[in-house]
Amino acid sequence: MDLDQLNYDAWCELFQTHCIGFGVVDHIDGSATPETSNSTQWKKMDSIVKLWIYGTVSQPLLQMILKRNATARQVWLNLERLFRDNKDAKAIQLDNELRSISLGDQSITTYCTRIKTIADLLDNIDSSVPEKNLVTYMINGLSSKFDNIATLIRHRSPLPSFLEA
């Protein structure tokens, strides 16, 4: 997981599924503590869950969340706060990039892939972009050599999906 990739939600889902599969989800959801469990066994399992977390985050992110004597639950909550607090600022940045994207000297495939990637990143941080807007942004960023096709797409009713366009 990485701050720049905005893949927290996907990572979170995969990590929780992993913990459920190994029967240690209580270490991240806070439903068990050393006081309510066999303390030695709980600490051992908690250390394993922390190692899983540390092993699945980028090095810069690891430096931000690594805390001495923290429980897996505390590390989990620190990650959540870090991503949730940064979400609105990142959404504004990505939305601005999407609205101002242009073809430039890229290939159409690269250009459309970039638009789709930005839209997916926004979706990951709960700022979904309607399909109609993606088509509009794509058309608006095309160079003049694509004027004919842009006009055809603009006048289709209903507007085609991003994939069709």
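Annotations
- With one equal scatterer per alpha carbon and no solvent term, the Debye-computed log10 I(q)/I(0) for the range 86-131 at 0.15, 0.18, 0.20 1/Å reads -0.37, -0.51, -0.62.
- Nearest-0.05 FRET efficiency for ASN38 and GLN5, computed from C-beta distance (R0 35 Å): 0.40
- Within the range 1-79, none of the chymotrypsin sites (Phe, Trp or Tyr not before Pro) combine a DSSP coil assignment with at most 11 other C-beta atoms in a 10 angstrom radius.
- DSSP loop GluC sites (Glu not before Pro) with at most 14 other Cβ within 10 Å excluded, longest remaining stretch of the chain: 36-163
- Rounded to two decimals, the Cα-based Rg/Rh of the chain, with Kirkwood Rh, is 1.16.
- Percent of Cα pairs exceeding the 12 Å cut-off, where the set is the range 22-79: 63
- The accessible surface of the range 35-153, taken with every protein chain in place and a 1.4 Å probe, is 51 percent carbon and sulfur.
- Kirkwood Rh and Cα Rg combined as Rg/Rh, the range 77-165: 1.06
- Ranked from largest to smallest solvent-accessible area, with a 1.4 Å probe on the protein heavy atoms, THR136, THR113, THR40 come out as THR40, THR113, THR136.
- In the chain, helical runs assigned H by DSSP with n ≥ 4 each contribute -39500 (n - 2.57); averaged across all residues and rounded to the nearest 500, the mean residue ellipticity at 222 nm is -20000 deg cm²/dmol.
- Helix 39-55 axis, angle to the chain major axis (alpha carbon atoms, nearest 10°): 20
- Exposed-site-free run, longest, the chain (rule: trypsin sites (Lys or Arg not before Pro); DSSP loop; at most 15 other C-beta within 10 Å): 69-155
The values are calculated or read from the model by the stated rules, or taken from the named source; none is laboratory data. For clarity, every value in this text was computed on a predicted model and none was experimentally measured. No Cβ is skipped: glycine too gets one built from the backbone with ideal geometry, and neighbour counts run over all protein chains shown. Calculation scope for accessible area: heavy atoms of the full protein, side chains included, ligands and nucleic acids excluded. Shrake-Rupley method; radii C 1.70, N 1.55, O 1.52, S 1.80 Å.
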